[in-house]
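Following: one structure in structure tokens, then a few remarks.
Here, each number is a calculation from the coordinates, and none is a lab measurement. Since this is a predicted model, take the numbers as computed values, not measurements. Neighbour counts are summed over all protein chains in view; Cβ atoms, including those assigned to glycine, are modelled from backbone coordinates with ideal geometry.
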Amino acid sequence: MIKQAIIPLAGLGTRLLPLTSVFAKELLPINGKPGIEYILEECVNSGIKEIIFIISKKKEIIKKYFYNDKFYKKIIKQKKDSRIKEEYKKILKYKKMIKFVYQDKPLGTGDAVLKTKKLIKDNYFLMLLPDDLIIKNNCSKSMIKVHKKYKSSVMASMNVKKKNVSRWGIFKLRKKLDKNNSLIDDVIEKPSVKSAPSNKAVIGRYILPKKIFTKLLKQKPGKGGEIHITDTIQSLINDREKFIAHNFSGKYLDCGTMNGYIQSTIKIAKI
Ligand code: UTP
């Protein structure tokens with residue numbers, strides 16, 4: 001069973017500047033609710049029991065969001081507002097599930113994952129990238145089912161326009177296992193249009209094996225000088241670890257860019 005999830009939150013969020021110069025993008029409201037709460041709901045509804053947040057000193061506002069008890073208790077006493085009580089209850093529920101670890105420097109997603117090494121208990125765990133919202137269908141829940149069926153690692157996959165492949169990690173597939181699942185041969189970080197083996201992109205949901213930590217300890221920086229988790233995944237695939245690309249059925253919203261963030265708000269509000 002997959003019981004633990006990790007969420008890397010220690011990036012700089014430069015694409016959402018100037019907002020991110022003083023604020024964590026994951027707390028920005030999407031239709032009145034911080035983006036991170038959509039991710040937490042997805043975790044809870046897929047049976048996750050413990051969630052590890054990887055933050056940095058610059059992102060401590062995220063921890064504060066869940067640890068503002070004194071403030072809530074005082075306000076609830078003064079105002080007796082049932083809405084505030086309910087919101088506080090929800091925050092307390094999440095707080096009980098969340099552990100925090102720190103990544104001092106944003107050296108890349110691979111380095112962020114490595115910070116959770118001591119806390120991962122089982123052979124597989126879930127990772128969610130909070131910029132990638134998937135609505136209308138619980139992608140993590142579907143992926144956990146795929147993991148159970150095939151006893152392997154899983155990554156969320158989506159078809160993107162061929163001209164946009166250089167914005168994503170792109171899969172080369174080996175063979176189709178069933179309608180929505182295929183075995184992966186390669187995953188290439190941000191390939192050129194010419195060199196891309198397909199238009200199937202990695203989206204921010206991963207079921208990873210615990211053995212990835214041994215590889216991460218030796219992982220050298222890749223494109224842009226960052227330690228990319230996709231490079232480590234490729235190294236595991238080279239060692240014959242089975243990885244499946246899962247074509248998910250929910251709707252993907254990219255909240256990591258200004259335009260994407262605005263569009264996400266509009267789309268969620270329309271549901
Ligand atoms: P991205 O590189 O896509 O986003 O990281 P970013 O760094 O937050 O923002 P930009 O690119 O500067 O606009 C994907 C996810 O991995 C986390 C980020 O917080 C984001 O959730 N991350 C990235 C880390 O936790 N540590 C890192 O060193 C890099």
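Close Cβ contacts (under 9 Å, 6 or more residues apart or on different chains) running from residues in the stretch 164-185 that are without any contact (Cβ under 8 Å) to a residue 12 or more places away in the chain to residues that are exposed (fewer than 14 other Cβ atoms within 10 Å of the Cβ) and part of a loop (DSSP other than H, G, I, E, B) comprise Asn164/Val193.
Of the residues making up the stretch 1-37, those that are surrounded by fewer than 20 Cβ atoms within 10 Å (Cβ to Cβ), within 16 Å of the ligand (Cβ to nearest atom) and outside any loop (DSSP other than H, G, I, E, B) are Thr14, Arg15, Leu19, Thr20, Ser21, Leu27, Pro34, Glu37.
Could you list all residues from the stretch 38-49 that are polar (S, T, N, Q) and exposed (fewer than 14 other Cβ atoms within 10 Å of the Cβ)? Even if it seems obvious, please write down each step before you answer.
Residues of the stretch 38-49 that are polar (S, T, N, Q), as a first pass: 45-46.
Residue satisfying the conditions is Asn45 alone.
In the set (1) without any contact (Cβ under 8 Å) to a residue 24 or more places away in the chain; (2) exposed (fewer than 14 other Cβ atoms within 10 Å of the Cβ); (3) touching a Lys or Arg at 6+ places or on another chain (Cβ under 8 Å), Ile76 fails one condition alone, (2).
Matching residues to (1) on the phi < 0 side of the Ramachandran plot; (2) touching a Gly at 6+ places or on another chain (Cβ under 6 Å); (3) surrounded by 15 or more Cβ atoms within 10 Å (Cβ to Cβ); (4) among the charged types (D, E, K, R):
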| site | (1), (2), (3), (4) |
| --- | --- |
| Arg205 | yes, no, yes, yes |
| Lys215 | yes, no, yes, yes |
| Asp239 | yes, no, no, yes |
| Ile244 | yes, no, yes, no |
| Leu253 | yes, no, yes, no |
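For the stretch 50-73, a residue qualifies if it is surrounded by 14 or more Cβ atoms within 10 Å (Cβ to Cβ), closer than 20 Å to Gly32 by Cβ and of a type outside the set (Ser, Thr, Tyr), and the qualifying residues are Ile62, Phe66, Asn68. Note on the stretch 226-235: residues that are surrounded by fewer than 19 Cβ atoms within 10 Å (Cβ to Cβ) and more than 11 Å from the ligand (Cβ to nearest atom) amount to 1. For the stretch 226-247, which residues satisfy the criterion of being touching a residue at least 40 places away in the same chain (Cβ under 8 Å) and not β-branched (Val, Ile, Thr)? Those that are touching a residue at least 40 places away in the same chain (Cβ under 8 Å) and not β-branched (Val, Ile, Thr): Glu226, His228, Asp231, Gln234, Leu236, Glu241, Lys242, Phe243, Ala245, His246, Asn247.
Quick check: anything in the stretch 56-68 more than 16 Å from the ligand (Cβ to nearest atom) and assigned to a helix (DSSP H, G or I)? The answer is yes, given that some residue of the stretch 56-68 is more than 16 Å from the ligand (Cβ to nearest atom) and assigned to a helix (DSSP H, G or I). Taking the conditions (1) in a helix (DSSP H, G or I); (2) away from the ligand (no atom under 12 Å from the Cβ); (3) more than 25 Å from Ser264 (Cα to Cα) in turn, Gly47 satisfies each one other than (1).
Within the bounds of the stretch 85-95, is there any residue that is within 16 Å of the ligand (Cβ to nearest atom), in a helix (DSSP H, G or I) and surrounded by 12 or more Cβ atoms within 10 Å (Cβ to Cβ)? Can you show your working first?
Kept after step one, since they are within 16 Å of the ligand (Cβ to nearest atom), are these residues of the stretch 85-95: none.
No, there is no match, as no residue in the stretch 85-95 is within 16 Å of the ligand (Cβ to nearest atom), in a helix (DSSP H, G or I) and surrounded by 12 or more Cβ atoms within 10 Å (Cβ to Cβ).
Scanning the stretch 248-260 for residues that are away from the ligand (no atom under 11 Å from the Cβ), over 16 Å from the mean Cα position of the chain (by Cα) and in contact (Cβ under 8 Å) with a residue 24 or more places away in the chain turns up just one, Ser249.
Hey, among the residues in the stretch 1-19 that are in contact with a strand residue (DSSP E or B) (Cβ under 6 Å, 6 or more places away or on another chain) and of a type in the set (A, V, I, L, M), which one's farthest from Asp131 (Cα to Cα)? Even if it seems obvious, please write down each step before you answer.
The initial filter retains those residues of the stretch 1-19 that are in contact with a strand residue (DSSP E or B) (Cβ under 6 Å, 6 or more places away or on another chain), namely 2, 4-10.
Restricting the remaining residues to those that are of a type in the set (A, V, I, L, M) gives 2, 5-7, 9-10.
Values: Ile2: 22, Ala5: 16, Ile6: 14, Ile7: 10, Leu9: 9, Ala10: 12 Å.
Selected residue: Ile2.
State yes or no: is Leu114 in contact with a Phe, Trp or Tyr (Cβ under 6 Å, 6 or more places away or on another chain), within 16 Å of the ligand (Cβ to nearest atom) and of a type outside the set (Asp, Glu)? No, not satisfied.
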